[in-house]
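What follows is calculated from the coordinates using simple rules that are stated; it is not laboratory data. Keep in mind it's a predicted model, so treat the numbers as computed, not measured. Glycine also receives a Cβ, built like all others from the backbone with ideal geometry; neighbour counts cover every protein chain displayed.
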Amino acid sequence: MKELESKEAFSQWKKEKAIFMFSADWCPDCRVIEPILPEIEAEYKEYTFIYVDRDKFIDLCAELDIFGIPSFLAFDQGEEIGRFVSKDRKTKEEIETFIEKLPVNQ
């Protein structure tokens, strides 16, 4: 998974098929899903997956209404096409269902 380095990079990545995972090093629910993320990335190669450190990009999180982590935002050609945003722990199945329901997958 790539890591977001700047807000400018966010603007560039969202022009592609991208899924941003908002997380933080201190978040126990985020750590739980880390081992399954490579499997999900391998299954959905049409997307670029980008890790966004909530603490480094708190302003971006506020702009995007990301108030809970882990959370996922999907973009295609600069448009938001889906969000899985909450403070709750996510399962592999829930993340896959979120991706499967994105408009570009139907």
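Phi angles of region 24-39 translate, via the Karplus equation with coefficients 6.51, -1.76, 1.60 and θ = phi - 60°, into HN-Hα couplings of 7, 4, 8, 7, x, 5, 5, 5, 4, 8, 3, x, 8, 4, x, 5 Hz per residue; Gly and Pro are given as x.
Charge tally for Leu4 (other residues, Cβ to Cβ under 15 Å; Lys, Arg +1; Asp, Glu -1): -3.
Rounded, prolate or oblate for region 47-97? Axes are the square roots of the Cα gyration tensor eigenvalues, ordered a ≥ b ≥ c, and the cut-off for rounded is a/c under 1.5. Oblate is the answer for region 47-97, as a/c is 1.5 or above yet b/c matches or exceeds a/b.
Checking every one of the trypsin sites (Lys or Arg not before Pro) in region 1-45 against DSSP loop status and a limit of 13 other Cβ atoms within 10 Å picks out Lys15, Lys45.
What is the sum of charges around Tyr51, taking Lys and Arg as +1, Asp and Glu as -1, for the other residues whose C-beta is under 14 Å from the C-beta of Tyr51? Local charge sum for Tyr51: -3. Among the GluC sites (Glu not before Pro) in region 1-48, those located in a DSSP loop and surrounded by at most 14 other Cβ atoms within 10 Å of their own Cβ are Glu5, Glu16, Glu46. Each other residue within a Cβ distance under 12 Å of Gly68 adds +1 if Lys or Arg and -1 if Asp or Glu, for a net charge of +2. Its relative contact order, with pairs defined as Cα atoms under 8 Å and 6+ residues apart, puts the chain at 33 percent. When cysteine pairs in the chain are screened for C-beta atoms closer than 4.7 angstrom, the residues that find no partner are Cys61.
Less than 13 Å apart at the alpha-carbon level, and either on another chain or at least 8 residues along: which aspartates and glutamates does that give for Lys101? In chain and number order, the partners are Glu93. Note on the chain: the alpha carbon radius of gyration divided by the globular reference 2.2 N^0.38 Å gives 0.97.
Under a model in which nothing but the beta-carbon of Lys, Arg (+1) and Asp, Glu (-1) is charged, region 2-105 shows a dipole of about 80 debye around its Cα centre.
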